[in-house]
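The values are calculated or read from the model by the stated rules, or taken from the named source; none is laboratory data. Everything quoted here is computed from the prediction, not taken from an experiment. Glycine also receives a Cβ, built like all others from the backbone with ideal geometry; neighbour counts cover every protein chain displayed.
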Ligand SMILES: [Zn+2]
């Protein structure tokens, strides 16, 4: 805990005073343009890799960056999506997977989930990833197999995201764009799924 207490002290002493007016503006409303759905993994720090800050990203995180299939019981992810689209009127919804994803490793090796009944049930949501697996990319080296499945999961969850009623409606109305990203921890680079070529391409052309 010491690390967190010290970090908060530094925030109050250095960062907050310098940005006081921004926090004042944000104190009673938010108008983020982006809904960002990603994995709970500690190595994904959206504000760090995207240069964003308070008020920019409306974030939903869970193991495996899952969007549960619509029509099932309500859950935290789909409720968050509905609020982001219907109330905040975000203009972009980004589904972001990442390299070395533990959730996807567990989906491959289900024995790892034996003592984790909740995680095991949750990760049924990623099973569609297997049918969207991407071609192996030699740049991924020894992890190419896993990376191709992780990219497949981005596509599978993007489809679930598009199928959410609020999302489908906003997309048809031209008010919302849906994006699928793959973030590589080793290189720091992001790939985007191109729906025309059905391939992952570098975000920075
Ligand atoms: Zn992950």
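Just to be sure before I move on: is residue 57 more than 16 Å from the ligand (Cβ to nearest atom), closer than 30 Å to residue 127 by Cα and at pLDDT 95 or above in the structure I sent? Talk me through it step by step, then tell me what you get.
Values: more than 16 Å from the ligand (Cβ to nearest atom): yes; closer than 30 Å to residue 127 by Cα: yes; at pLDDT 95 or above: yes.
For residue 57, the condition - more than 16 Å from the ligand (Cβ to nearest atom), closer than 30 Å to residue 127 by Cα and at pLDDT 95 or above - is met.
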Next item on the list: Please name all residue pairs, on different chains or six or more residues apart, with Cβ atoms under 6 Å, provided the first residue is in region 49-63 and is on the phi > 0 side of the Ramachandran plot and the second residue is away from the ligand (no atom under 16 Å from the Cβ) and not in a loop (DSSP other than H, G, I, E, B).
Entry: 55/26
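Only one of 94, 81 is under 30 Å from residue 22 (Cα atoms), touching a strand residue (DSSP E or B) at 6+ places or on another chain (Cβ under 8 Å) and within 16 Å of the ligand (Cβ to nearest atom); which?
Numbers: 81 fails: within 16 Å of the ligand (Cβ to nearest atom).
None of the other options fit; the residue is 94.
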Check: Restricted to region 25-47, and to residues that are loosely packed, with under 14 Cβ neighbours inside 10 Å and within 16 Å of the ligand (Cβ to nearest atom), which residue is nearest to the chain's Cα centre (by Cα)?
Finding: 40
Note to self: Taking the conditions exactly as written (within 13 Å of the ligand (Cβ to nearest atom), in contact (Cβ under 8 Å) with a residue 40 or more places away in the chain and assigned to a helix (DSSP H, G or I)), does residue 126 satisfy them or not?
What the structure shows: yes
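Taking the criterion of being modelled with pLDDT under 95, touching a helix residue (DSSP H, G or I) at 6+ places or on another chain (Cβ under 8 Å) and surrounded by 13 or more Cβ atoms within 10 Å (Cβ to Cβ), would at least one residue in region 153-161 satisfy it? Don't jump to the end; show me each part of the working.
So the first thing to find is which residues in region 153-161 are modelled with pLDDT under 95, and the list is none.
Checked region 153-161: no residue is modelled with pLDDT under 95, touching a helix residue (DSSP H, G or I) at 6+ places or on another chain (Cβ under 8 Å) and surrounded by 13 or more Cβ atoms within 10 Å (Cβ to Cβ).
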Notebook entry, point to check: Within the set of pairs 6+ apart or on separate chains, which have a first residue in region 74-102 that is under 16 Å from residue 56 (Cα atoms) and assigned to a helix (DSSP H, G or I), a second that is within 16 Å of the ligand (Cβ to nearest atom) and at pLDDT 95 or above, and C-beta atoms under 9 Å apart?
Noted result: 80/37; 80/59; 80/60; 81/37; 81/60; 81/67; 84/60
Check: away from the ligand (no atom under 16 Å from the Cβ) and in contact with a strand residue (DSSP E or B) (Cβ under 8 Å, 6 or more places away or on another chain) - does that describe any residue in region 70-77?
Finding: yes
